[in-house]
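Heads up, the thing below is written out as structure tokens.
The values are calculated or read from the model by the stated rules, or taken from the named source; none is laboratory data. Bear in mind the structure is a predicted one, so any value in this text is a computation, not a measurement. Ideal geometry is used to build each Cβ from the backbone, glycine not excepted, and the neighbour counts take in all protein chains shown. When the accessible area is computed, the model is the full protein with side chains, heavy atoms only, and any ligands, DNA or RNA have been set aside. Shrake-Rupley method; radii C 1.70, N 1.55, O 1.52, S 1.80 Å.
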Amino acid sequence: MRKTLLQGLLHRPLTEPPPRIDDPTVVTLARELDAAAQKKLGRSLAIREVDAGSCNGCELEIHALGNAFYDLERFGLRFVASPRHADVLLVTGPVTRNMREALLRTYAAAPAPKWVVAAGACACDGGEFATSAHCTAGVGAVLPVDVTIAGCPPTPLDLLRGLLTLFVQRP
Amino acid sequence: MTSWDDAVARLVDGSATLLSLWGEREAVHLALLHEGEVVHLGFACRDGRYPSLGREHPPAIRLERAARDLYGLDPVGLPDSRPWLDHGPEPTAYPFLPVEGEHLHQIPVGPVHAGIIEPGHFRFTCDGETVVRLEERLGYVHRGVEALMQGAALEKAARLAGRINGDSTVAYALAFARAVEQATATVPPPRAVWLRAVMAEIERIANHLGDVGAICNDAAFSLMQAHCAILRERVLRAAATCFRHRLMMDAIVPGGVARDLAPDGAETLRALLHEVRTRFPPLVNLYDATASLQDRTVGTGVLRTELARRFGAGGFVGRASGRDFDARRTPGYAPYDMLTFDVPVLSEGDVNARVWVRIKEITQSVNLIGQMLDRMPDGELRVAVGAQPGEGLALVEGFRGDVLVWLRLAEGRVQHCHARDPSWFQWPLLEAAIEGNIVADFPLCNKSFNCSYAGHDL
């Protein structure tokens with residue numbers, strides 16, 4: 001184990017440079033975000049992830065945000081285990097009928113002020129499941145959504161850009 | 001074997017293994033594995049009733065409950081009358097099975113879990129720290145896949161199939177494509193067949209790497225997680241370079257593949273194989289030589305061979321408990337009949353055995369991709385799919401186990417499609433494996449099974 005740890009110290013970090021704040025995607029998404037919300041948000045956010053009917057593709061990519069390449073925590077963003085500790089709900093999936101109640105309860109359990117990020121095609125508008133009788137057409141039909149992140153699934157960089165818009169101040 | 005009674009008798013005496021049971025309006029279907037062959041049987045039940053198989057063969061219980069929810073088919077004699085996938089208007093009103101005894105307490109967990117994972121509910125009944133009984137409640141991710149498939153054009157249906165279960169999108173797309181090709185007597189071009197297998201092995205490696213790290217993380221050994229996650233990321237980046245999508249979604253289509261290997265694909269993959277061959281063995285040594293980690297994984301969550309066989313547990317869950325089955329070999333499909341590979345089987349059935357089967361499978365998949373790159377045929381990527389109506393069934397070995405897809409086509413559209421995830425038979429076994437373990441070992445056991453919620457809930 002000592003050898004593995006030592007090698008870790010000697011290697012160059014794998015971490016990618018952060019996406020630029022003037023990246024067109026960040027700018028566009030930030031414009032959509034409520035100005036009042038931006039005032040309230042600091043430089044550190046606790047995120048509670050809720051799978052509301054995803055195929056697990058989005059979860060895999062959200063997981064990847066924690067690896068050495070994306071290192072989410074360097075931005076002050078971290079995933080928390082309880083909605084009671086969360087500032088942001090990161091919701092994936094088209095919101096199935098069977099998850100609707102659980103999603104509403106999770107939202108109610110998060111203290112205000114709170115923001116909702118809809119991640120992935122299903123969460124944005126229902127995606128491939130938009131016409132299903134067993135789903136609503138995306139998170140927006142159930143909760144007020146502040147930021148949407150497109151992609152099926154969004155890549156970790158897409159997710160990072162989307163989450164960073166929560167920090168970008170409007171010019 | 002053509003009669004319902006005969007099929008039931010063979011399942012009960014263990015000479016056949018249940019592959020799936022599913023419904024449609026006025027019919028119930030059975031798929032069995034008998035002497036290395038997949039047997040599909042359909043039975044009309046115009047009054048919406050059929051004799052329950054689950055009454056005599058428990059692996060069928062949840063499938064029968066699902067068929068009742070989806071198509072109103074009544075399995076006469078099934079002792080469990082509760083819904084399964086349909087949670088109804090009152091999702092919290094679900095009668096869990098009673099557990100009786102002194103000093104017992106219950107721990108409800110989910111559907112929203114503490115980590116970044118799919119939703120499901122676990123109801124633990126414990127005596128102190130020891131789990132006396134676990135009861136699962138699933139169906140939260142039920143999106144109505146089968147209903148959406150009905151009447152869908154092939155292109156739309158293929159996209160849906162690739163999103164039944166995102167971590168196994170390649171396996172599902174492959175199973176769907178092969179079932180369509182069987183139904184329409186379409187022969188995909190050789191290069192497409194080989195590229196599909198390359199994708200399937202990349203998917204297997206990526207998932208195994210992620211889970212080996214995650215299992216160690218659930219034993220509070222985050223160093224393995226950090227290193228495995230780096231390797232997994234490299235695999236996904238190589239997949240994006242080769243097939244223009246990190247998870248390779250929509251790359252496999254009925255009739256062939258939608259994209260060729262990128263011009264620098266072979267080179268990228270060879271570099272990746274080298275990376276995994278060099279970086280992974282030291283991590284395996286680390287896993288094997290860390291006593292505190294071994295203390296958690298060895299002897300934990302034991303699944304008995306007899307149960308694994310009875311439930312036809314697929315993938316590493318079955319193979320870690322002595323069930324020597326791999327759909328790539330039996331019934332087998334191209335191009336694996338032209339390739340050399342081992343199917344690692346262990347008998348201990350604990351968390352450690354499941355980790356080791358996956359470690360060994362990573363090595364096998366790395367070798368398989370190497371062989372395929374050396375012998376990759378040239379030629380066409382895709383042929384037009386025939387328009388004739390028909391039925392098709394395919395069994396594909398995903399990273400988690402055998403994925404089954406059955407479908408019926410008419411007028412170039414899907415009339416009915418059923419997809420059965422390996423998790424259907426693994427979830428109930430998790431309930432058995434956790435019994436007598438401590439609550440704190442549940443995440444470890446659960447991750448070592450890593451059953452799918454989306455694939456199961458449909």
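Helices in chain B, meaning DSSP H runs of at least 4 residues, each add -39500 (n - 2.57). Divided by all residues, the mean residue ellipticity at 222 nm is -13500 deg cm²/dmol.
Name the residues of the range B:159-173 whose accessible area falls by at least 10 Å² when all protein chains are present instead of the chain alone, probe 1.4 Å? Residues losing area: B:ARG159, B:LEU160, B:ARG163, B:GLY166, B:ASP167. Amide H contacts for B:ASP74 (H built 1.01 Å from N in the peptide plane; partners 5 or more residues away or on another chain; cut-off under 5 Å): B:ARG49, B:TYR50. Straight-line cross-link partners of B:LYS156 among the aspartates and glutamates, defined as a Cα under 17 Å from its Cα and at least 8 positions apart when in the same chain: A:ASP125, A:GLU128, B:GLU146, B:GLU181, B:ASP250, B:GLU411. Summed over qualifying helices (DSSP H, 4 residues or more, each -39500 (n - 2.57)) and divided by its residue number, chain A shows a 222 nm mean residue ellipticity of -9500 deg cm²/dmol.
Between amide H atoms placed 1.01 Å from N, distances below 5 Å from A:CYS135 occur with A:ARG97, all of them 5 or more places distant or on a separate chain. When the Cα positions of B:LEU223, B:HIS245, B:GLY210 are compared along the charge dipole of the range B:210-297, B:HIS245 comes out farthest toward the positive end, with charges on each C-beta of Lys, Arg, Asp and Glu. Using the Cα coordinates of the range B:1-145, the gyration tensor eigenvalues translate into equivalent-ellipsoid semi-axes of 31, 19, 15 Å, sorted from longest to shortest.
For the range B:161-420, the percent of C-alpha pairs falling in each 5 Å distance bin, counted from 0 to the bin holding the largest distance, reads 1, 6, 13, 17, 18, 17, 12, 8, 5, 2, 1, 0, 0.
Rounded to the nearest whole Hz, the Karplus-based 3J(HN,Hα) values (6.51 cos²θ - 1.76 cosθ + 1.60, θ = phi - 60°) of the range B:174-188 follow the sequence 5, 5, 5, 4, 5, 5, 4, 5, 5, 5, 10, 6, 9, 10, x, with x at glycine and proline. Amide H to amide H, with H built 1.01 Å from N, B:ALA27 comes under 5 Å of B:CYS45, counting only residues 5 or more places away or on other chains.
Computed about its Cα centre, the charge dipole of the protein assembly as shown is approximately 1460 debye, with only Lys, Arg, Asp and Glu carrying charge at their Cβ. Once the Cα-Cα distance is subtracted from the 0.36 nm per residue extended length, the B:ARG279 to B:PHE96 segment shows a gain of 61.2 nm. Remark on chain B: hydrodynamic radius 22.6 angstrom, per the Kirkwood mean of 1/r across alpha carbon pairs.
Quick one: dipole size for the range B:161-420, taken about the Cα centre, charges +1 on Lys/Arg Cβ and -1 on Asp/Glu Cβ, in debye to the nearest 20.
The dipole of the range B:161-420 has a size of about 280 debye.
Stretched out straight at 0.36 nm per residue, the stretch from B:ALA291 to B:ALA114 would grow longer than its current Cα-Cα span by 61.0 nm. A full extension of the chain between B:ALA271 and B:ALA44 corresponds to an added length of 76.3 nm, given 0.36 nm per residue minus the alpha carbon distance.
Enter the Cα centre distance for the pair the range B:51-127 and the range B:423-444, rounded to the nearest angstrom. Measuring centre to centre over Cα atoms gives 15 Å.
For the protein assembly as shown, what does the alpha-carbon gyration tensor say about shape, rounded, prolate or oblate, given a ≥ b ≥ c as the root eigenvalues, a/c under 1.5 as rounded, and a/b over b/c as prolate? Rounded, since a/c falls under 1.5. Inter-label distance, B:ARG237 to B:GLU129: 4.2 nm, where each label sits 7 Å from its Cα along the C-beta direction.
Please label the shape of the range B:88-168 as rounded, prolate or oblate, based on the square roots a ≥ b ≥ c of the eigenvalues of the alpha-carbon gyration tensor (a/c under 1.5 means rounded; beyond that, a/b larger than b/c means prolate, else oblate). Write out the running numbers ahead of the final one.
Values: a/c = 3.70, a/b = 2.47, b/c = 1.50.
It is prolate, given that a/c is not under 1.5 and a/b is the larger ratio.
Normalised by the residues of chain A, what does the relative contact order come to in percent, with Cα pairs under 8 Å and at least six apart?
Working: 315 pairs, mean separation 46.8, N = 171.
After rounding, I find 27 percent.
Computed from the Cβ-Cβ distance with R0 of 35 Å, the FRET efficiency linking B:GLU411 to B:ASP342 stands at 0.20. Spin-label model, B:HIS34/B:ALA147: points 7 Å from Cα along the beta carbon direction are separated by 3.5 nm. Computed from point charges on the beta carbon alone (+1 for Lys and Arg, -1 for Asp and Glu), the dipole magnitude for chain B about its Cα centre is near 1040 Debye. Computed over the range B:4-76, the Cα gyration tensor eigenvalues convert (square root of 5λ each) into semi-axes of 20, 12, 10 Å, ordered from largest to smallest. In whole percents, the pair-distance distribution calculated for chain A from its alpha-carbon pairs, binned every 5 Å from zero, is 1, 9, 17, 20, 20, 14, 8, 5, 3, 2, 0, 0. Interface area, chains A and B: about 3700 Å² of buried accessible surface, summed, with a 1.4 Å probe and ligands, DNA and RNA left out. In order along the range B:366-379, the Karplus-derived 3J(HN,Hα) couplings, from 6.51 cos²θ - 1.76 cosθ + 1.60 at θ = phi - 60°, round to 4, 5, 4, 4, x, 4, 5, 5, 5, 10, 4, x, 8, x Hz, and Gly and Pro are given as x.
Of B:PHE425, B:PRO281, B:LEU346, which is farthest towards the positive pole of chain B's charge dipole, taken about the Cα centre with +1 and -1 on the beta-carbons of Lys, Arg and Asp, Glu respectively? Of the candidates, B:PRO281 comes out farthest on the positive side. A dipole drawn for the range A:49-130 from +1 and -1 charges on Cβ atoms has a positive end, and of A:ALA86, A:GLY127, A:LEU72 the residue lying farthest that way is A:ALA86.
In the context of the full set of protein chains, the protein assembly as shown has a per residue accessible area of 38 Å² (1.4 Å probe).
Considering only Cα atoms, the convex hull volume of the range B:150-225 works out to 96 Å³ per residue. Sites count as exposed loop sites when they are trypsin sites (Lys or Arg not before Pro), lie in a DSSP loop, and have at most 12 other Cβ atoms within 10 angstrom; the longest stretch of chain A without one is A:44-171.
Applying the criteria of a DSSP loop state and at most 15 other Cβ atoms within 10 Å to the GluC sites (Glu not before Pro) of the range B:40-133 yields B:GLU56, B:GLU100, B:GLU102, B:GLU129.
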